[in-house]
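The values are calculated or read from the model by the stated rules, or taken from the named source; none is laboratory data. None of the values given here were measured: they were computed from a predicted structure. Note: ideal-geometry Cβ built from the backbone for every residue, glycine included; neighbour counts use all protein chains shown. For accessibility, only protein heavy atoms count, side chains too; no ligands or nucleic acids. Shrake-Rupley method; radii C 1.70, N 1.55, O 1.52, S 1.80 Å.
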Amino acid sequence: MSARGSSGSYKKKTYLSPTNVTIMKTLLMSLLCIVCLLTSCTDDAPISNKPEGTLNFIVEKTNSAESGRLLSSDSLKSVLISIRDEKGVLVYDRLQIDLISFGGGYKIEPLALKAGNYQLIEFVALNKDGVATYAVPKEGSTLAHLVADPLPINFKIAANAITEVNVEVVKVEEDNKDLFGYTVLSFNIVKTFSFNIAVFTYNKLSQTFELSNANLIVKNGGSTIINQYLQNVTNKIYLKDQSGNYTLNVAKQGYAAHQRQFPLDELKQYANSPMVITLYPTSLTEGLEVYYPFSGNANDESGNQHHGTVYGATLVQDRNNNINSSYYFNGNSRIDLGNILDNLQYPFTFSSWVKLEDSNNIYNPVFTSQDNAPLYNGFDVNTNVSGVGIGYGDGYGENNPAYRRGKTVNSSIYGVWTHICGVVSGPNNIKLYINGKEVPGYYQGETQLPMASNFPNDIARIGQMTSNGVTYNFKGFIDEVKVWSRALSADEVPASM
């Protein structure tokens, strides 16, 4: 997708007529599932955990000529809605929301509101040209007597409850522009877009990742534009369509925050399917040496700034269909990480998501901590169609099993996303986990000496390794690469997936 939205606005002037005014009682069955709580737009806005409820607008035509609901034949495109809270603060200021054809009529996309008291102060339906076609008259206006409840309409959002608001609208004709109580039915329409987001955390009891609530902060150009609560559902978020990058920060108490920057056109690609965010317990940041989530780049998110340099690997969708969130290695590509793990000794843990495409090579290296020197040193993680292995070298030589030690499990990862994890605590204490479950395997190599890591000319790599003078390359997909300088427990491994 290419086009970026403009931050500018445009005016559409509509001329209203006092004749042939048609009343419609609008039963906008929008099941406005209030999925998040809107807060103030300042950088210092506090995280809000206030609960939310559900708002339904109900619309129906009531005059004899056109009774019933809004129909597709009315050729409507969107509605403009303005809502203020009990303090008089605008929560939505002429927010334009697309109408969706539904059962021969229309429904409105969900909105976001916190529990509390509100007033609906503007409600206008627009056609495909952005011209006002129906509007709710304001109290004291000439047309106010045509509806049972002119604007403003008071309503209350209760936590975990559905609030229904009856809205009657009057059809806009040619010469009526002063009779609705609006200064003028001419609008600076704010162009908006929406995206979907779902947050998951690990549940120890069910031993699965489940939808979770969290808090979302979105910034554009350094300014906070929303700070709202996310439910444990797929949440639809509305933003102003403007140039620049959007930075999303998802946080939950007890979990490490997730932050990522999105270009506008990339964020818009989540309009129909959700962006999936996994939050990990803060305990899993202890001893975390490197973390490459591959969220649009090869940066290290452990806080240690060990950013990678990409050679030939390309960003693609990950296992959750998130855009530009994993790397594809074509069999002749790699990511160099530099000399970053020289002080690593066991116990240590490695984990990653992989999807192998190569069915021929005996070695498809996912990771090596020390590459370049003609010695078995550091550790490496390798895969092939029949198994996964992790091993290390003692630094005294190569091309001989006397200088290395490792463990292999017979578990194919060919053609399917698989989580692999190796926990190395000593030469005779190596555990391998596939999709969070420990799998029995067999040891290889003979050394009982500690792992050697202090080789300043060696570098860590993802997707490529040289051993015994031969360079091997990974072909397939790699994501979420992590190394800890400690042994993860059997309970921590599945929570780290």
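Table for the structure above
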quantity: Added length on full extension, which subtracts the Cα-Cα distance from 0.36 nm per residue, Ser206 to Arg94; calculated: 35.9 nm
quantity: Theoretical FRET efficiency, 1/(1+(r/R0)^6), r = Cβ-Cβ of Ser283 and Ala148, R0 60 Å, to 0.05; calculated: 0.55
quantity: Label-point gap, in nm, between Asn410 and Glu357 - each point 7 angstrom along Cα→Cβ; calculated: 2.9 nm
quantity: Heavy-atom accessible surface of segment 170-301: percent carbon and sulfur, 1.4 Å; calculated: 43 percent
quantity: Solvent-accessible area, 1.4 Å probe, carbon plus sulfur percent, for segment 369-426; calculated: 45 percent
quantity: Fully extended contour minus Cα-Cα distance, from Ser243 to Asp85, at 0.36 nm per residue; calculated: 54.0 nm
quantity: Gyration tensor verdict on segment 368-457 (Cα atoms; rounded if a/c is under 1.5, prolate if a/b is larger than b/c, oblate otherwise); calculated: prolate
quantity: Overall form of segment 250-358 per C-alpha gyration tensor (a/c, 1.5; a/b vs b/c); calculated: oblate
quantity: Anisotropy class of segment 432-497 from Cα gyration tensor, a/c 1.5 cut; calculated: prolate
quantity: Burial order of peptide ranges 230-239, 288-297 (average beta-carbon count within 10 Å, highest first); calculated: 288-297, 230-239
quantity: Pairs from Lys268/Lys475; Lys128/Lys191; Lys87/Lys171; Lys114/Lys204 whose Cα-Cα separation, in the structure shown, is over 20 Å; calculated: Lys268/Lys475; Lys87/Lys171; Lys114/Lys204
